[in-house]
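Reading through the C-alpha cells given below for one structure.
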Amino acid sequence: MRRLAILPARGGSKRIPNKNIRNFCGKPMITHTLLTANSTKLFDKIHVSTDSQDIFNTVSEEGFRPDFVRPKELSGDNIPLMPVLKFVTREYLKFDLIYDQIWLLLPCSPLITQK
C-alpha cells in the first residue's frame, strides 16, 4: 500500500498572514504536522503543496522539500481543495509515482497525534 500525504499550505492567508509558518511552541506551525506525519511511518511521500517561496524554504529546511510548487491559479482565496489534490496527484503521475491512498493533512493542526 503506497500512501501520499498532501498538506495544502498556500501563502496568501488574509486573517493571519504567514499562519502556516508562524512560530508555535518553538517551531513553524506546519512543522508540527509534518513531523507527526513522518513519525507514523505511514507515508511513502509527504508533499507540501504551496505557492509560497517562504513556506517552500521553511519546509525544505525541516527536511520536507516539495518536489514542485503549486501554480498561482490554484492558490486563490476561493479555490477548493479537490483541484489542488488532483493537481498534486497528476504531477506525481508525470514522475510515474502512483499512490493507492491520498491523505489530506492540514498544516495548521499542531496538536495532531500519531494515533
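The values are calculated or read from the model by the stated rules, or taken from the named source; none is laboratory data. Remember, predicted model here, so these are calculated numbers, not experimental data. All Cβ positions, glycine included, derive from the backbone under ideal geometry; neighbour counts span all protein chains shown. Ligands, DNA and RNA are stripped out before the accessible areas are found, and what is left, the full protein with its side chains, is counted by its heavy atoms. Shrake-Rupley method; radii C 1.70, N 1.55, O 1.52, S 1.80 Å.
Sum up the charges of everything whose Cβ sits under 13 Å from the Cβ of LEU85, counting Lys and Arg as +1 and Asp and Glu as -1, but leave LEU85 out.
Values: positive: ARG70, LYS86, ARG90; negative: GLU91.
Local net charge: +2.
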In region 44-115, the chymotrypsin sites (Phe, Trp or Tyr not before Pro) that sit in a DSSP loop and have at most 10 other Cβ atoms within 10 Å of their own Cβ are PHE95
Extending each Cα 7 Å along its Cβ direction at GLN53 and LYS115, get the distance between those two points in nm, one decimal.
-> 4.4 nm
For the chain, calculated [θ]222 nm from helices alone, where every DSSP H run of n ≥ 4 adds -39500 (n - 2.57) | -9500 deg cm²/dmol
Gained length - ASN18 relative to ARG2, 0.36 nm times residue gap less alpha-carbon distance | 2.6 nm
Ratio to report: Rg/Rh of the chain, with Cα atoms as the point set and Rh obtained by the Kirkwood method; give two decimals.
-> 0.94
Which percent of Cα-Cα pairs in region 75-115 sits in each 10 Å bin, short to long?
-> 22, 42, 32, 4
Solvent-accessible area per residue, Å², over region 1-51 with all protein chains present [probe radius 1.4 Å] = 50 Å²
Given the chain, what count of lysine pairs have C-alpha atoms under 26 Å apart, with each pair 8 or more places apart or on different chains?
-> 21
